[in-house]
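Have a look at the structure below, then the notes.
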Amino acid sequence: MAHSKHTIKAFDSDLDELARAIAEMGGVAERQIAEATAALTTRDGDRARRMIAADAMIDAMQRNIEERAVETIARRQPVAGDLRQIIGTLRIANEIERIGDLAKNIGKRIIAIYGEEMPPRSMRGVNHMATLMLAQLRDVLDSFARRDIAKALDVWTRDQDVDRLCTSLSQELLADMMEQSVAMCFGAHLMFCTKNLERIGDHTTNIAEAVHYMVNGETPLRERPKADFASMLTVAVGRTYNLRLKQYRRSELAPL
């Protein structure tokens with residue numbers, strides 16, 4: 001660990017235990033994202049159900065970290081940087097728990113679209129997005145373990161790329177649904193899956209901010225770079241609708 005050593009070695013042991021618990025919890029969350037992506041790719045309902053059930057492990061890990069952190073504060077009465085370490089750990093545990101919930105939500109969508117055909121283009125996009133999410137989560141957990149602010153800020157700034165990819169995928173799905181090449185119900189479920197992945201990216205940036213706070217005592221001063229999903233998607237819907245309307249009018253005016 002990168003934290004400074006204390007005269008009371010038991011305090012160092014407490015902090016190390018909390019750090020190991022975060023690493024273990026983060027590893028479980030990584031597996032959940034990978035399992036959700038694999039289950040979505042194969043539309044494997046049984047695999048999705050196992051992944052959903054495994055979310056209880058992440059919840060239990062968060063409760064354990066909270067209990068350890070509260071006990072450490074009560075026994076050691078930390079101040080300044082030491083207190084930031086524990087508060088930051090609590091924040092990160094909460095973010096990882098939310099990541100687990102979002103992976104579980106993807107699993108629920110998989111069960112709902114069981115048996116539906118997956119458009120290859122859309123699936124490639126979802127897989128690419130999931131790969132980016134896993135890389136961001138691994139990098140930010142590594143930045144926590146090493147107290148590496150530069151790496152944390154790199155994750156923090158990469159989130160806008162994920163936002164753009166999410167909007168692009170949603171635009172493609174909307175176009176496919178309007179062309180009726182993808183069923184409306186299936187397309188809506190897949191859009192929610194991509195949005196869940198985008199939200200996972202938001203939680204990784206929250207972890208990056210927590211790491212920055214633990215090391216420097218403050219969150220990044222500048223505003224987080226973020227592409228506005230809602231406004232971008234509204235524009236995409238409008239453009240898609242206008243295009244389809246023009247195509248319809250041309251077909252109506254075309255000579256028989």
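The values are calculated or read from the model by the stated rules, or taken from the named source; none is laboratory data. As the structure is a prediction and not an experimental result, all values here were calculated from the model. Don't worry about glycine lacking a Cβ; one is built from the backbone with ideal geometry, like all the others, and counts go over all protein chains shown. When the accessible area is computed, the model is the full protein with side chains, heavy atoms only, and any ligands, DNA or RNA have been set aside. Shrake-Rupley method; radii C 1.70, N 1.55, O 1.52, S 1.80 Å.
With every protein chain present, what is the per residue accessible area of the range 13-98 (1.4 Å probe, Å²)?
On the way: 3990 Å² over 86 residues.
Ligands and nucleic acids excluded, the figure is 46 Å² per residue.
If packing is taken as the mean number of other Cβ atoms within 10 Å per residue, what is the order of 71-77, 193-199, highest first? Provide the component values of the computation, followed by the final result.
Numbers: 71-77: 13.6, 193-199: 22.4.
By packing density, highest mean first, the sequence is 193-199, 71-77.
Can you pull the percent of the range 71-158's accessible area that's carbon plus sulfur, 1.4 Å probe, other chains left in place? Intermediate values should be presented prior to the final figure.
On the way: 2000 of 3980 Å².
Carbon and sulfur together cover 50 percent of it.
Quick one: what does P(r) look like for the range 64-170 with 10 Å bins over all Cα pairs, in whole %?
All Cα pairs considered, the percentages come to 12, 32, 30, 17, 8, 2.
Using a 10 Å cut-off on Cβ atoms, rank the peptides 61-68, 95-102, 153-160 from the highest mean neighbour count down. List each step's numbers first, then the result.
Numbers: 61-68: 16.9, 95-102: 23.1, 153-160: 19.5.
Per-residue mean Cβ counts within 10 Å order the peptides as 95-102, 153-160, 61-68.
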